[in-house]
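The structure appears below as structure tokens.
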Amino acid sequence: MDFGLTSSQLALQDMVRKFAAAELAPAYASAEAAARIDRAIIARMGALGLIAPELPEDCGGHGVDRISSGIIITEIARADFNVAYIQLLASLCGQILAGNGIESITRPWLRRLTAGEAVLALALTEPSGGSDAARLSLHMRKERDRYVLNGEKASISMADQADAAVVFARSGSPDDGARGISALLVPLDLKGISRTRFADIGQHAVGRGSIFFDAVEVPADHLLGAEGAGFRQVLGGFDFSRALIALQCLAPAALSLEETWAWAGERKAFGQPLSAFQGVSHRLAELETHIEAARLLCFKTLWLKDQGRPHSAEAAMCKWWAPRLAFEAIHQCLLFHGHMGYSRDLPFEQRLRDVLGLEIGDGTAEIMKTIIARQRAGRHAVPY
């Protein structure tokens, strides 16, 4: 068992870290104020091959392993947590498009996506519920050579910035449950679409909001996969994206610990550095241990994905644990910085608000633990 990175992975890590430190980190706070992710930055990442690089070359990617994708999102999120959403959404939506749909429709979008010329959102959640994703209300009706959409998607990341969305809608009866859900690639400039933005406490550069569909006509050739297969498509993608989300959250937490170790070694109290007090150094040591363990779990999950082996339980472990751990670590670092930590002059408060959202998004801790329990005990033993 080899825990080291290959020479190409180390070179990738070094390149992305230098790029992120120079071009992303300085704008982390200002991007929040602007409440948008700079399209020039997205294009720059696309030119460097940093967006969904695991996709095949004929889809605009580079066919790299998922561990390399994890390295990229880690280094991007270390500099700017919110910009890393570009990697997250591109990988999640990209694999759905690459494995489903008509190539003449999906390939141009995939090339634009990986080049940083387009942003795709994932539109699954609705106002009536998020965790019970099989009970969708957004309806799609087939009319000759098109589908007509009516309804609302809510809590959608990048809702007001995306160019298109992978939209999940009910094509059958509500009694069909997951079997009646289909997926469509929907350009968001179609007639009848309107969008709003929520007033969230964090992730302002990403933004979250609703997408409304009022008799929106989508060409029938934009169907992704077979009718009724949409729910299975997104479930498979979540196993990959949950490991990426965990790494996205762990990155600012690890950076916060680095900064706090340095602070604790320099800051004096009662004639000694703060790190001389075990109440400080032991707590930081605990957090270092937990973050390292969580990081290894994430990369094991990505390795399992690369090997084509089951990894749903591991992905769920990553998703419930890492965002909560990241919040805890950043919170503790803020407190150890005392009155300065409470200031917006330091990045802890923004990091804290930003990572909090991913304790909810893409599945709560309770849902993740249910997935783990079903994997271990069997679905019959854990029906809900």
Among the residues of the stretch 53-94, how many are in contact with a His (Cβ under 9 Å, 6 or more places away or on another chain) and either on the phi > 0 side of the Ramachandran plot or not in a loop (DSSP other than H, G, I, E, B) (or both)? 1
Which residue is surrounded by the fewest Cβ atoms within 10 Å (Cβ to Cβ), if the candidates are limited to the stretch 102-131 and must be part of a helix (DSSP H, G or I) and among the charged types (D, E, K, R)? Glu103
Suppose we filter the stretch 191-217 for residues that are more than 29 Å from Gly357 (Cα to Cα) and either without any contact (Cβ under 8 Å) to a residue 60 or more places away in the chain or surrounded by 22 or more Cβ atoms within 10 Å (Cβ to Cβ) (or both); how many remain? 3
Tell me, which residue of the stretch 259-293 that is in a helix (DSSP H, G or I) and among the polar types (S, T, N, Q) is farthest from Ala79 (Cα to Cα)? Gln278
Taking the stretch 243-300 as the search range and keeping residues that are over 34 Å from the mean Cα position of the chain (by Cα) and basic (Lys, Arg), which one is surrounded by the fewest Cβ atoms within 10 Å (Cβ to Cβ)? Lys268
Residue list for the stretch 328-384, restricted to those being under 30 Å from Ala154 (Cα atoms), hydroxyl-bearing (Ser, Thr, Tyr) and surrounded by fewer than 15 Cβ atoms within 10 Å (Cβ to Cβ): Tyr384
Within the bounds of the stretch 165-187, is there any residue that is outside the structural domain of Arg351 (by TED's automatic domain parsing), under 16 Å from the mean Cα position of the chain (by Cα) and either on the phi > 0 side of the Ramachandran plot or not in a strand (DSSP E or B) (or both)? no
Quick count over the stretch 150-170, residues being more than 19 Å from Asp362 (Cβ to Cβ) and buried (at least 24 other Cβ atoms within 10 Å of the Cβ), is 1
In this structure, is Leu247 part of a helix (DSSP H, G or I), within 21 Å of Asn82 (Cβ to Cβ), touching a Ser or Thr at 6+ places or on another chain (Cβ under 6 Å) and outside the structural domain of Pro53 (by TED's automatic domain parsing)? yes
Consider Arg208 carefully, then state whether it is in contact with a helix residue (DSSP H, G or I) (Cβ under 9 Å, 6 or more places away or on another chain), of a type in the set (Lys, Arg), closer than 28 Å to Ile245 by Cα and modelled with pLDDT of 95 or more. yes
Is it fair to say Ile67 is aliphatic (A, V, I, L, M), in contact with a helix residue (DSSP H, G or I) (Cβ under 9 Å, 6 or more places away or on another chain) and over 20 Å from Arg242 (Cα atoms)? no
Would you point out which residue out of Leu346, Leu335, Leu302 is assigned to a loop (DSSP other than H, G, I, E, B), outside the structural domain of Gln95 (by TED's automatic domain parsing) and at pLDDT 95 or above? Leu346
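Taking Leu325, is it among the hydrophobic types (A, V, I, L, M, F, W, C), outside the structural domain of Arg78 (by TED's automatic domain parsing), surrounded by 18 or more Cβ atoms within 10 Å (Cβ to Cβ) and in a helix (DSSP H, G or I)?
Here the answer is yes, as Leu325 does meet what is asked.
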Any residue in the stretch 250-272 that is farther than 14 Å from Gly341 by Cα sitting within a Cβ distance under 6 Å of a residue that is in a helix (DSSP H, G or I) and basic (Lys, Arg)? List the pairs, counting only those 6 or more apart or interchain. Leu250/Arg295; Ala251/Arg78; Pro252/Arg351; Leu255/Arg78
Which is aromatic (Phe, Trp, Tyr), modelled with pLDDT of 95 or more and either more than 24 Å from Thr106 (Cβ to Cβ) or in contact with a Pro (Cβ under 7 Å, 6 or more places away or on another chain) (or both), of Phe81, Phe3? Phe81
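The values are calculated or read from the model by the stated rules, or taken from the named source; none is laboratory data. The structure displayed is predicted, hence computed values, not measured ones. Glycine gets a Cβ as well: all are built from the backbone with ideal geometry, and neighbour counts include every protein chain shown.
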